[in-house]
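What follows is a short report on a single structure.
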Amino acid sequence: MYGDAYRRGFERVSAFVQGRDTGVAVPATPDWSVGDVVRHLAGIANDLVQGRIEGFASDDTTAMQVAQRSLVPVPAVLDEWASRLDDAAQRLDHIDEAGFPDRIPSGIGPLPLAAIPPMIVNDLVHHEFDIRNAFGDVDGRDLPEILVSAAGHARSLRTLFAIRGLPTIRIESADTGQGWNIGRDEPVATLRASSFELMRSIGGRRTRREIASLDWDGDPEPFLDSMVLPQMRMRTSSLGEAHSS
């Protein structure tokens, strides 16, 4: 499951950057160029295959992934990623057989091992659209991976809502009709948006104002500061990414 999605993500990113200026800055990762995002993604694949997943998603690890490849041309970085692709995909599908500990030290605290595969796939999908946004591209927003990511992101808010003692809200995908109650009581508000907007909003690619401007039934104000995954940061400035309804 995760392996196939990971392979498809590699193929899309690899095809998209072919012939483009990979020195273009990526608004979602302002210290990185398009090439640096590719270097990060190739570094994840290499680390996974080499069994180095401690420190996953930490600033030090991601910086090292980019720095180690900083002088390597992007085509060669893509070749490295391609050479690791099958092994990385296999490991994502059989992470429990790789000899890793049950909990992984990461940049966002200890993570259950089972959380690593979906997080790696989600990271790849987000970065794909970070790269697309750098060129003003709006294609691909109906990918199956986006629907899965949006659902996972929405459900992941439940713990944060519980910790903060927030009332229940309902989040609904306008394009699939799926919905999730974030809490155990009757919802006091409902948020409806495309799966793409839900993924990008909850995944830290939208500002507070942008999240508030989505289709809310009920007062969004009590919830806005809790609408982003705990490991992510809400944007303070817009990415300028063309929104989907």
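The values are calculated or read from the model by the stated rules, or taken from the named source; none is laboratory data. As the structure is a prediction and not an experimental result, all values here were calculated from the model. Quick reminder, even Gly has a Cβ in these numbers, built from the backbone with ideal geometry, and neighbours come from all protein chains shown. To get the accessible areas, we keep the full protein, side chains included, count just its heavy atoms, and leave off ligands, DNA and RNA. Shrake-Rupley method; radii C 1.70, N 1.55, O 1.52, S 1.80 Å.
Here are a few things to note about the model shown:
- For Ser238, the accessible area of its heavy atoms, probed at 1.4 Å with every protein chain present, is near 60 square angstrom.
- Protection proxy ranking, highest mean first, for peptides 24-31, 89-96: 89-96, 24-31, where packing is the per-residue count of other beta-carbon atoms within 10 Å, averaged.
- Across the range 131-143, computed HN-Hα scalar couplings (Karplus, 6.51 cos²θ - 1.76 cosθ + 1.60, θ = phi - 60°) run 5, 4, 4, 4, 10, x, 7, 10, 7, x, 7, 10, 4 Hz from first to last residue, x flagging Gly and Pro.
- The chain, relative contact order in percent, only Cα pairs under 8 angstrom and at least six apart counted: 17
- Residues whose amide H lies under 5 Å from that of Ala57, counting only those 5 or more places away or on a different chain, are Gly107; hydrogens are built 1.01 Å from N in the peptide plane.
- Top positive-direction residue, dipole computed over the chain with Cβ charges, set Leu160, Leu198, Gly177: Leu160
- Here the chain is treated with +1 on each Lys and Arg Cβ and -1 on each Asp and Glu Cβ, and its dipole about the Cα centre works out to around 340 debye.
- Helical content of the chain, expressed as a calculated mean residue ellipticity at 222 nm, amounts to -15000 deg cm²/dmol (DSSP H runs of 4 or more residues, -39,500 (n - 2.57) each, divided by residue number, nearest 500).
- For the range 165-219, DSSP calls about 60 percent of its internal beta bridges antiparallel.
- Amide H contacts for Leu111 (H built 1.01 Å from N in the peptide plane; partners 5 or more residues away or on another chain; cut-off under 5 Å): Ile104, Ser106.
- Ala189 long-range amide H proximity, modeled H, under 5 Å: Arg170
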